[in-house]
Amino acid sequence: VKAAGVCLFCEEGMRILGKRKLLETISWFVTDNDFPYEGSVTHVLAIPKRHVIKPEELTDTELLELFRELSPLVQKEFKLDGYTLLFRAGNTKKTGATLHHLHVHFINGVEKTHKDHPKVVATVGYQK
């Protein structure tokens with residue numbers, strides 16, 4: 001799929017891979033993350049239907065839809081009372097992402113019960 005020049009996060013790529021949409025709005029859809037972070041309880045991806053690489057390429061409508069419509073749907077569907085939003089955008093060699101298509105991770109773990117409770121760890125870049 002990738003070799004054919006099809007973005008795996010665009011509609012055609014998702015269809016070819018048989019990826020399931022868990023939730024959908026006019027401009028966004030949510031799917032499982034194929035590589036959830038170790039220890040996470042929930043790890044899903046919100047992906048804009050339009051191919052964009054950086055957040056500033058999103059329209060005002062797409063931004064509002066993400067935060068006013070999709071985020072509450074994700075919270076309700078996955079019963080998230082605490083979660084992390086992680087945007088992946090731009091140069092994948094710097095972000096740890098694997099695809100050049102903006103996506104937003106919704107991640108949560110369990111409640112911290114003691115000082116040394118293991119953490120869910122995500123790559124957000126690479127050190128100097």
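The values are calculated or read from the model by the stated rules, or taken from the named source; none is laboratory data. No experiment lies behind these values; they were computed from the predicted model shown. Don't worry about glycine lacking a Cβ; one is built from the backbone with ideal geometry, like all the others, and counts go over all protein chains shown. The protein model used for the area step is the full one, side chains on, heavy atoms only, and it has no ligands, DNA or RNA in it. Shrake-Rupley method; radii C 1.70, N 1.55, O 1.52, S 1.80 Å.
One table, with the values for the structure above:
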{"read-out": "The lone exception for residue 26 - which of (1) of a type outside the set (Lys, Arg); (2) touching a helix residue (DSSP H, G or I) at 6+ places or on another chain (Cβ under 6 Å); (3) surrounded by fewer than 14 Cβ atoms within 10 Å (Cβ to Cβ) it fails", "value": "(2)"}
{"read-out": "Any pair with Cβ under 6 angstrom, 6 or more apart, that starts in the stretch 65-83 at a residue that is surrounded by 10 or more Cβ atoms within 10 Å (Cβ to Cβ) and ends at one that is hydroxyl-bearing (Ser, Thr, Tyr)", "value": "65/25; 65/27; 69/25; 70/25; 78/42"}
{"read-out": "Check on residue 22, touching a residue at least 40 places away in the same chain (Cβ under 8 Å) and over 24 Å from residue 108 (Cβ atoms)", "value": "no"}
{"read-out": "Residues of the stretch 4-33 classified as in a loop (DSSP other than H, G, I, E, B) and closer than 16 Å to residue 62 by Cα, total", "value": "4"}
{"read-out": "Qualifying positions in the stretch 29-39 - open to solvent by less than 30 Å² (accessible area, probe 1.4 Å) and in contact (Cβ under 8 Å) with a residue 24 or more places away in the chain", "value": "30, 33"}
{"read-out": "Residue check for residue 5: of a type in the set (Gly, Ala, Ser), open to solvent by 30 Å² or more (accessible area, probe 1.4 Å) and closer than 29 Å to residue 118 by Cβ", "value": "no"}
